[in-house]
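Chemist: The structure follows.
The values are calculated or read from the model by the stated rules, or taken from the named source; none is laboratory data. In this text, all values refer to a predicted model and were calculated from it rather than measured experimentally. Here Cβ is always computed from backbone atoms with ideal geometry, including for glycine, and neighbour counts include all displayed protein chains.
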Amino acid sequence: MLKVVRAKFHGIRVTDADLNYHGSITLDPEHCDMVGIYPMEYVDVWNKNSGARISTYVITGKAGSRCCVLNGAASRTCQVGDELIVCASEYCETGRLYDLKPRILTFLPDNHVDQVLQYDVYKSEQRAYDFRIVDADKNTLEDCHTYANVDVFAIQEELKELGWRDDQIDAFCDAHFNL
């Protein structure tokens, strides 16, 4: 049996840390529903800023809050604003890899969902088990993108402060970002 990725949040930002709460990670249930992460499920949490790696269980917070709160001992592993990877896993036989289609959410700095991706294991001409990442909605490879530490909403606000009209800002973002 292999331990494999079943669902993942990539780049979600810590919104709070509560040392005195029972240990866990509190996540927005709307985000959890999008990938199939369940309350009480154990997840691995990897802090991209510090390198800390922990395992804890999920509890859900307020729907629509975009929260990501580390509780109890887990709160010692992060700072508000740190980028995390939260990964749920499962065990499967090698032959089932073709059937698994884990969903991955990527996040903007304010924890709005940027992309819904899917991992795909397939048989290619080169190898029996090859790997690709696809846009889950469009089922295409070319629409996948990464904006490392680009706060699109902050850019939009700054352009507004400079006197740009909404239609100009939209045109600029359409030309330079795949939103």
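Chemist: Taking the condition touching a Phe, Trp or Tyr at 6+ places or on another chain (Cβ under 7 Å) and at pLDDT 95 or above, does I133 pass?
Modeler: Values: touching a Phe, Trp or Tyr at 6+ places or on another chain (Cβ under 7 Å): yes; at pLDDT 95 or above: no.
No.
Chemist: Scan the stretch 163-179 for residues that are among the hydrophobic types (A, V, I, L, M, F, W, C) and either closer than 28 Å to E83 by Cβ or in contact with a Cys (Cβ under 9 Å, 6 or more places away or on another chain) (or both) and jot them down.
Modeler: Residues of the stretch 163-179 among the hydrophobic types (A, V, I, L, M, F, W, C): 164, 169, 171-173, 175, 177, 179.
Residues satisfying the conditions are I169, F172, C173, A175, F177, L179.
Chemist: Can you name the residue in the stretch 1-35 that is in contact with a Cys (Cβ under 8 Å, 6 or more places away or on another chain) and in a loop (DSSP other than H, G, I, E, B) and is also farthest from G95 (Cα to Cα) among such residues?
Modeler: Within the stretch 1-35, the match that is farthest from G95 (Cα to Cα) is T15.
Chemist: Just to be sure, is C32 modelled with pLDDT of 95 or more, under 28 Å from Q156 (Cα atoms) and out of contact with any Pro (no Cβ under 9 Å at 6 or more places or on another chain)? Explain how you work it out, then say what you get.
Modeler: On the way: modelled with pLDDT of 95 or more: yes; under 28 Å from Q156 (Cα atoms): yes; out of contact with any Pro (no Cβ under 9 Å at 6 or more places or on another chain): no.
No.
Chemist: Sticking with this structure for a sec: Does P39 qualify as being over 16 Å from D16 (Cβ atoms), crowded, with 19+ Cβ neighbours inside 10 Å and in contact with a strand residue (DSSP E or B) (Cβ under 8 Å, 6 or more places away or on another chain)? Spell out how you get there, then give the answer.
Modeler: On the way: over 16 Å from D16 (Cβ atoms): yes; crowded, with 19+ Cβ neighbours inside 10 Å: no; in contact with a strand residue (DSSP E or B) (Cβ under 8 Å, 6 or more places away or on another chain): yes.
No: the conditions fail for P39.
Chemist: Here is a further query. Give me the pairs: first residue in the stretch 159-179 and closer than 19 Å to L108 by Cα, second residue of a type in the set (S, T, N, Q), beta-carbon distance under 7 Å, and six or more apart or on different chains, which are they?
Modeler: Note: pairs meeting the criteria are I169/Q156; C173/Q156.
Chemist: Something else now. State which residue is surrounded by the fewest Cβ atoms within 10 Å (Cβ to Cβ) when the search covers only the stretch 7-28 and only residues that are within 20 Å of Q115 (Cα to Cα) and either among the aliphatic types (A, V, I, L, M) or touching a Gly at 6+ places or on another chain (Cβ under 7 Å) (or both). Explain how you work it out, then say what you get.
Modeler: In the first step, residues of the stretch 7-28 are kept if they are within 20 Å of Q115 (Cα to Cα); the result is 7-15, 27-28.
Of the ones still in play, those that are also either among the aliphatic types (A, V, I, L, M) or touching a Gly at 6+ places or on another chain (Cβ under 7 Å) (or both) are 7, 12-14, 27-28.
Values: A7: 22, I12: 26, R13: 19, V14: 23, L27: 24, D28: 22.
So the residue we want is R13.
Chemist: Just checking, how many residues over the stretch 48-58 are more than 18 Å from D110 (Cβ to Cβ) and surrounded by fewer than 19 Cβ atoms within 10 Å (Cβ to Cβ)?
Modeler: Filtering the stretch 48-58 for residues more than 18 Å from D110 (Cβ to Cβ) gives 50-58.
Retained after the next criterion (residues that are surrounded by fewer than 19 Cβ atoms within 10 Å (Cβ to Cβ)): 50-55, 57.
The total comes to 7.
Chemist: May I pose another question? Might you let me know whether the stretch 7-16 holds any residue that is touching a Pro at 6+ places or on another chain (Cβ under 9 Å), within 30 Å of A128 (Cα to Cα) and in the same structural domain as Y129 (by TED's automatic domain parsing)?
Modeler: If we filter the stretch 7-16 for residues that are touching a Pro at 6+ places or on another chain (Cβ under 9 Å), which is where we start, we get 7-8, 11, 13.
If we keep only those that are within 30 Å of A128 (Cα to Cα) too, we end up with 7-8.
Now restrict to residues that are in the same structural domain as Y129 (by TED's automatic domain parsing): 7-8.
Yes: one or more hits.
Chemist: Condition test on S50, is it in a loop (DSSP other than H, G, I, E, B) and not basic (K, R)? Step through it out loud before you land on a result.
Modeler: Details: in a loop (DSSP other than H, G, I, E, B): yes; not basic (K, R): yes.
Yes; evaluated as a whole, the condition is true for this residue.
Chemist: Give the residues of the stretch 53-86 that are at pLDDT 95 or above and aliphatic (A, V, I, L, M), sorted by residue number.
Modeler: The answer is I54, V58, I59, A63, V69, L70, V80, L84, I85, V86.
Chemist: Kindly indicate whether Y38 is modelled with pLDDT of 95 or more, assigned to a loop (DSSP other than H, G, I, E, B) and of a type in the set (F, W, Y). Step through it out loud before you land on a result.
Modeler: Values: modelled with pLDDT of 95 or more: yes; assigned to a loop (DSSP other than H, G, I, E, B): yes; of a type in the set (F, W, Y): yes.
Yes; evaluated as a whole, the condition is true for this residue.
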